[in-house]
Amino acid sequence: MTSYTYYVIDRDGMNRPRKVHVKSFGCQMNVYDSHRMADTLAPDGYVETAHPAEADLVILNTCHIREKAVDKVYSEIGRIREMKDAAEAEGRRMVIAVAGCVAQAEGQEIIRRTDSVDLVVGSQNYHRLPGLVARARDGEKIVDTEFPLEDKFDALAQPSPQAIAKRGVSSFVTVQEGCDKFCTFCVVPYTRGAEVSRPVVKIVADVERLAASGVREISLIGQNVNAYHGLGPDGAPQTLGQLLRRLSDVPGIARLRYMTSHPRDMLNGMCDDLIAAHGDLPALMPYVHLPVQSGSDRILAAMNRKHTRKEYLEAIARLRAARPDLAFTSDFIVGFPGETEEDFRGTLALAEEVNFAMAYTFMYSTRPGTPAAALEDQVPETEKSERLQRLQAVITRQWRAFNASFVGQTMDILVEKPGKLAGQLVGRSPYLQSVHLMAQPALIGSIVKVAITDVGTNTLFGALAETTRAPALATVGA
Ligand code: SF4
């Protein structure tokens, strides 16, 4: 394929390549989408820059899941607007685009509230970016938040081997998007649309391409990743367990992960194979993110989670039976409307029973347009805050004990990149802990045995115990 590089001609007549800065907020799906947006703009000559002030195109890839998400986006637009004004004073045009879930939810309102934004693009339309950006550069104000009929994934450009290598030895691959669950606190079903699973062959091709450029670890991502039901080569739907088994055969791929799972799907039969895969596949890392949100059946029902506390614990027990060294992380919301002290104690008791390696804890906050936003029995902020602190105390104790339990043990570490100190490397444990060690940079991309000697707040420290060389990998650009 021929690619053309387009140049911007400044007011002073200088030619230079176009630069794009993509700022990602929120979850791994947005990080993945940001990469794919940059890949899709690359054939138009856009090169990525870490500095928004020098960019010709700034894309804010937004997230709607946290409190005051919309306010944060507008304040970020205000900051970028100053850079846009400065660029225009120098005779350089800067296009500002808002993408992601806030773009999908707010649409035209963004352009109405701030005239500095040129383009609002929904999460299903990133493959249209080159055309949309070209029109925005010509001065058009554009909002494209329709759910298109064409498959975004088919139309998005693939990353170059150089772009893959620059992003490191671990990569996300989206296998499923959207959600049909309609938890009463969540905007995702409205911003990302219905559940769609990508076909197996396309995912395998993506993973083979990544592996050929040095990627060793793949995290399969989706809003409800364990509801995956993409079509296999024979046209029949396959489960996430089947997909993981297929990907474990891709040469060069040493580690597989998946997130985020829904407890309800873990127990409805479609995940029997996934649970078994934890016992069968050494490449499948023993670390599962399984959000529970609450330990009270009354609140789980009000959240429309469609599983009970007992069923959640059953899912944990079945996974642990398949692989006893599995560790779990979770998400919790405290202070959901109507949550009593007794409901909250159920949450604390569940956390104690599971003994999590880590968890994300949040105070409930309303999302406009969701059913829970209309509930009257809101919990006072002071109570929410007090409950959050009590839950965080439990989770922090568990997380510290989990990390400390590895001191004196030897772990397999995937070496990812140089550290901040001379001679230092940074890698990841099977439990996603960051591990610092002193070793040769040639080990980047290898899985090595590291004796863990100490633990910091978020980091393990260790020394090389024995090197397991990575299988030979294709060189970039070969
Ligand atoms: Fe949101 Fe619930 Fe769907 Fe997760 S399962 S994306 S919380 S609606």
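Structure data summary
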quantity	calculated
The range 225-239 residues that are more than 25 Å from His289 (Cα to Cα), paired with ones that are surrounded by 14 or more Cβ atoms within 10 Å (Cβ to Cβ) and of a type in the set (A, V, I, L, M, F, W, C) (beta carbon under 8 Å, 6 or more apart)	Gly232/Val200; Pro233/Val200
Within the range 300-312, considering residues that are part of a helix (DSSP H, G or I) and more than 25 Å from the chain's Cα centre (by Cα), the one nearest to Arg367 (Cα to Cα)	Ala302
Residue satisfying all of: in the range 313-353; without any contact (Cβ under 8 Å) to a residue 24 or more places away in the chain and under 15 Å from Pro263 (Cβ atoms); surrounded by the most Cβ atoms within 10 Å (Cβ to Cβ) among these	Arg320
Filtered residue count, the range 378-422, keeping only those that are among the hydrophobic types (A, V, I, L, M, F, W, C), in contact (Cβ under 8 Å) with a residue 12 or more places away in the chain and within 29 Å of Thr340 (Cβ to Cβ)	6
Residue that is modelled with the lowest pLDDT, among those in the range 268-281 that are within 16 Å of the ligand (Cβ to nearest atom) and within 24 Å of the chain's Cα centre (by Cα)	Met270
Residues being within 13 Å of the ligand (Cβ to nearest atom), out of contact with any Lys or Arg (no Cβ under 9 Å at 6 or more places or on another chain) and among the polar types (S, T, N, Q) - total across the range 300-325	0
Of residues in the range 351-399 being hydroxyl-bearing (Ser, Thr, Tyr) and either in contact with a strand residue (DSSP E or B) (Cβ under 8 Å, 6 or more places away or on another chain) or in a helix (DSSP H, G or I) (or both), the one farthest from Ala327 (Cα to Cα)	Thr382
The range 30-41 residues that are among the hydroxyl-bearing types (Ser, Thr, Tyr), paired with ones that are surrounded by fewer than 21 Cβ atoms within 10 Å (Cβ to Cβ) and in a helix (DSSP H, G or I) (beta carbon under 7 Å, 6 or more apart)	Thr40/His127; Thr40/Pro130
Residue within the range 102-116 that is in contact (Cβ under 8 Å) with a residue 40 or more places away in the chain and surrounded by fewer than 18 Cβ atoms within 10 Å (Cβ to Cβ) present	yes
Which listed residue is part of a loop (DSSP other than H, G, I, E, B), touching a Phe, Trp or Tyr at 6+ places or on another chain (Cβ under 9 Å) and more than 24 Å from Arg167 (Cβ to Cβ), from Phe406, Phe402	Phe406
Total residues in the range 161-207, condition away from the ligand (no atom under 16 Å from the Cβ), of a type in the set (Val, Ile, Thr) and assigned to a loop (DSSP other than H, G, I, E, B)	1
Residue match in the range 282-299 (condition: within 27 Å of Arg428 (Cβ to Cβ), within 16 Å of the ligand (Cβ to nearest atom), touching a residue at least 12 places away in the same chain (Cβ under 8 Å) and assigned to a helix (DSSP H, G or I))	no
Boolean, Gln158 is more than 16 Å from the ligand (Cβ to nearest atom) and part of a loop (DSSP other than H, G, I, E, B)	yes
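The values are calculated or read from the model by the stated rules, or taken from the named source; none is laboratory data. The structure presented is a predicted model; accordingly, all values stated were derived computationally and were not measured. All Cβ positions, even for glycine, are placed from backbone atoms using ideal geometry, and neighbour counts span all protein chains on display.
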